[in-house]
Amino acid sequence: MDLFDKCYSFTLADEVKAMGLYPFFHPISDNDGPVVYMNNRKTVMAGSNNYLGLTTDPRVKEAAVDATRKYGSGCSGSRFLNGTLDIHLELEEKLAAFTGKESALLYSTGFQTNQGAIVGIIKKGDYIVSDKENHASIIQGCLIAKASCGPNTLVKFAHNDMEDLERVVSGLPSDAGKLIVVDGVFSMNGDLINLPEVVRIARKYNARIMCDDAHSLGVLGTQGRGTASHFGLEKDTDIIMGTFSKSFASQGGFISSEKAVINYIRHNSPALIYNASMPAGQVAAVLKSLEIMQSEPERIRKVHYNANKMRQGLKSLGFSVVDGQTPIVPILINGEDMLFTFRFWRMLLDHGVFSNPVIFPAVPLGMQLIRLSFMATHEDEHLDFVLEQFEKIGRETKILGNVA
Ligand SMILES: Cc1ncc(COP(=O)(O)O)c(C=O)c1O
């Protein structure tokens, strides 16, 4: 059997393309924020993680351009060697203060942050306790840790199920190092972790907590300081992780924690040591976004206003909307197959609305979603347009007749 045989016989994507229903890799040719251009067509973007609308903010773009002029387009090396800029250190200091921690560490992507931090802190004899619906980057970190530290290293608990978490943690050796890893806001469903219970259980059984705040920073808590701030639990959340690809309008990620922990991970994380550092333009965009996030709290209020309007609007049309407190508004397309979900997505696109269809393995088997996400820069005209298209397509596909 040739290594590539599986590639030659992989036809599923082509079959879906032939039906005109392939929903992935569609290019955007111009971006005005809430409106993008796809196939030269004006399309309302209702599927971006650009929650505060800062990727097109002239101040953020200008900061990125200025920094690129000053430092160049890339760092050409690892943070360890030639790849540390003074603005990397400035951003780490500001993020540590923003998240209420002593120290912070940047990685080049959010994905690498989770993967790299978990591998950096978990050693033989330690345990990771992971929510079953954690982001793929956490799962990858867990799998690498498991491969290098042994099969017992990783234990999982049922999604956001605190009874199951306590059952799992209480069964681990009391004197072993334990890290409970959770998403603060789960990326597909938009639901919030029960952090107060996680903290109670962690303290009872001597475990540490790492919270992925990719979808919470800029959205929840005081001035967008994230899930721990939302619950008033900054001190009890041992490691806070964030990405820059959402509210921070850039690319990259970070963890923040105690000084000793960050110092240890800094020297024990291959994803950091053997990877070129974040380019200056990306760093400067985050610095500017962080400043705007704190000085313009109306953006945070607006993104919540927009998401609430859409949750209510879609519910009153008759759609089955997953409740939440974030800009993520998922519509359940249960009882239908993957192709129906793709068809619904395609009809939305043809009507000028970009959304994200979500199927297994991004969500559990049997669950299908049209995942919408909203920004502070959506105006009522954009939102009303999306609602109108949903109503039309809901009736055409009879999904509105099918849901309670
Ligand atoms: C919860 C969560 N964690 C981590 C990541 C990875 O971040 P990035 O895409 O910025 O690398 C994402 C992004 O999809 C995410 O949703």
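The values are calculated or read from the model by the stated rules, or taken from the named source; none is laboratory data. Everything numeric here is computed off the predicted structure, so don't read it as measured data. Here the Cβ positions follow ideal geometry from the backbone for every residue, glycine too, while neighbour counts run over all protein chains shown. Calculation scope for accessible area: heavy atoms of the full protein, side chains included, ligands and nucleic acids excluded. Shrake-Rupley method; radii C 1.70, N 1.55, O 1.52, S 1.80 Å.
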Pick from the range 260-280 the residues that are among the polar types (S, T, N, Q) and under 30 Å from Thr56 (Cα atoms): which of them is surrounded by the fewest Cβ atoms within 10 Å (Cβ to Cβ)? Asn275
When the range 144-178 is checked residue by residue, the ones that are among the aliphatic types (A, V, I, L, M) and within 16 Å of the ligand (Cβ to nearest atom) are Ile144
Here is a list: Val283, Val303, Val329, Val322. Which entry is out of contact with any helix residue (DSSP H, G or I) (no Cβ under 6 Å at 6 or more places or on another chain) and open to solvent by less than 10 Å² (accessible area, probe 1.4 Å)? Val303
Total residues in the range 216-259, condition under 16 Å from Ala117 (Cβ atoms), open to solvent by 10 Å² or more (accessible area, probe 1.4 Å) and within 11 Å of the ligand (Cβ to nearest atom): 1
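Residues checked against (1) of a type outside the set (Asp, Glu); (2) within 18 Å of Val261 (Cα to Cα); (3) open to solvent by less than 30 Å² (accessible area, probe 1.4 Å):
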{"residue": "Thr99", "(1), (2), (3)": "yes, yes, yes"}
{"residue": "Ser103", "(1), (2), (3)": "yes, yes, yes"}
{"residue": "Leu106", "(1), (2), (3)": "yes, yes, yes"}
{"residue": "Gln140", "(1), (2), (3)": "yes, no, no"}
{"residue": "Gly150", "(1), (2), (3)": "yes, no, yes"}
Which condition breaks for Val169 when tested against (1) in contact with a strand residue (DSSP E or B) (Cβ under 7 Å, 6 or more places away or on another chain); (2) within 29 Å of Gln294 (Cβ to Cβ); (3) in contact (Cβ under 8 Å) with a residue 40 or more places away in the chain? (2)
For the range 78-87, indicate whether the set of residues that are surrounded by 15 or more Cβ atoms within 10 Å (Cβ to Cβ) and of a type in the set (Lys, Arg) is non-empty. yes
Looking only at the range 62-77, count every residue that is open to solvent by less than 60 Å² (accessible area, probe 1.4 Å) and not aliphatic (A, V, I, L, M) and tell me the total. 5
Going through Asp183, Asp213, Asp175 one at a time, which residue ends up being of a type outside the set (Val, Ile, Thr) and open to solvent by 20 Å² or more (accessible area, probe 1.4 Å)? Asp175
Among the residues in the range 58-79, are any in contact with a strand residue (DSSP E or B) (Cβ under 7 Å, 6 or more places away or on another chain), among the aliphatic types (A, V, I, L, M) and either away from the ligand (no atom under 15 Å from the Cβ) or in contact (Cβ under 8 Å) with a residue 40 or more places away in the chain (or both)? no
Wholly within the range 103-187, which strands (runs of 3 or more DSSP E) include no fewer than the required count, namely at least 3 residues that are in contact with a Leu (Cβ under 9 Å, 6 or more places away or on another chain) and farther than 16 Å from Asp238 by Cβ? 154-157
Phe111 fails exactly one of the following numbered conditions: (1) open to solvent by 50 Å² or more (accessible area, probe 1.4 Å); (2) more than 16 Å from the ligand (Cβ to nearest atom); (3) in contact (Cβ under 8 Å) with a residue 12 or more places away in the chain. What is the number of that condition? (2)
Can you tell me which of (1) open to solvent by 40 Å² or more (accessible area, probe 1.4 Å); (2) under 26 Å from Thr56 (Cα atoms) is the one Asn334 doesn't meet? (2)
Residues within the range 1-55 that are free of Cβ contacts under 8 Å to residues at least 40 places away in the same chain and among the hydroxyl-bearing types (Ser, Thr, Tyr), tallied: 5
Per the filter on the range 179-194, residues within 15 Å of the ligand (Cβ to nearest atom) and either over 18 Å from Ala307 (Cβ atoms) or not polar (S, T, N, Q) (or both) are Val181, Val182, Asp183, Gly184, Val185, Phe186, Met188, Gly190, Asp191, Leu192, Ile193
One residue from Met338, Met367, Met347, Met375 being under 17 Å from the mean Cα position of the chain (by Cα) and of a type outside the set (Gly, Ala, Ser): Met375
